[in-house]
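Some notes on the structure that comes next.
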Amino acid sequence: MMLALIVVSVAILVWGFVTGWPSLGETATAPVNALLGWAYVMICLAVLAVVVVGALISYKNNPKSLLKALIGLVAIAAICFVVYLISPGKPAVGLTVDQPAAITLKLTDTILNLTYIAGVVAIGSIIAGEIVMSVRNKQ
């Protein structure tokens, strides 16, 4: 499968050079959009492969771990949904060009808030881990 993805990627690249990538101007975004679209497909396939292979391996090793992973996935989806609901999606301040669509602003705010939450959780985990490690080393 990986070889097929590499072949398709090279074929798209060669096709772009054979047909002639547009130089500058309005049509200059066409090759970028095509390559970005294919990059999104490749990333989705890679993530899907990692998730499926990881789920299969964890199921073979410990069938109960799959249920724990599913519960964790549902919890993460619930957190993302709640963060999406509380994200304001206000127009950008100081933007001199046309404002993005309301859904774009809401999704951007959601991603920013999720980044803040992930940062706080990471820092909290580091601090808690160091405290637990120092307590265990003193005993």
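The values are calculated or read from the model by the stated rules, or taken from the named source; none is laboratory data. Everything numeric here is computed off the predicted structure, so don't read it as measured data. Here the Cβ is made from the backbone with ideal geometry for all residues, glycine too, and neighbour counts use every protein chain on show. For the accessible areas, the whole protein counts, side chains as well, though only heavy atoms, and no ligand, DNA or RNA atoms are used. Shrake-Rupley method; radii C 1.70, N 1.55, O 1.52, S 1.80 Å.
Quick check, is Ile103 farther than 30 Å from Leu3 by Cα and out of contact with any strand residue (DSSP E or B) (no Cβ under 7 Å at 6 or more places or on another chain)?
yes
Per-residue answers, yes or no, for (1) under 30 Å from Leu13 (Cβ atoms); (2) open to solvent by less than 70 Å² (accessible area, probe 1.4 Å); (3) part of a helix (DSSP H, G or I):
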residue: Leu36; (1), (2), (3): yes, no, yes
residue: Tyr40; (1), (2), (3): yes, no, yes
residue: Val50; (1), (2), (3): yes, no, yes
residue: Ile79; (1), (2), (3): no, no, yes
residue: Gln99; (1), (2), (3): no, no, no
residue: Gly124; (1), (2), (3): no, yes, yes
residue: Val135; (1), (2), (3): no, no, yes
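Listed here are the residues, each with its yes/no results for (1) over 16 Å from the mean Cα position of the chain (by Cα); (2) over 30 Å from Leu105 (Cα atoms).
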{"residue": "Cys44", "(1), (2)": "no, no"}
{"residue": "Leu48", "(1), (2)": "no, no"}
{"residue": "Tyr59", "(1), (2)": "yes, yes"}
{"residue": "Ser65", "(1), (2)": "yes, yes"}
{"residue": "Ala69", "(1), (2)": "yes, yes"}
{"residue": "Ala78", "(1), (2)": "yes, no"}
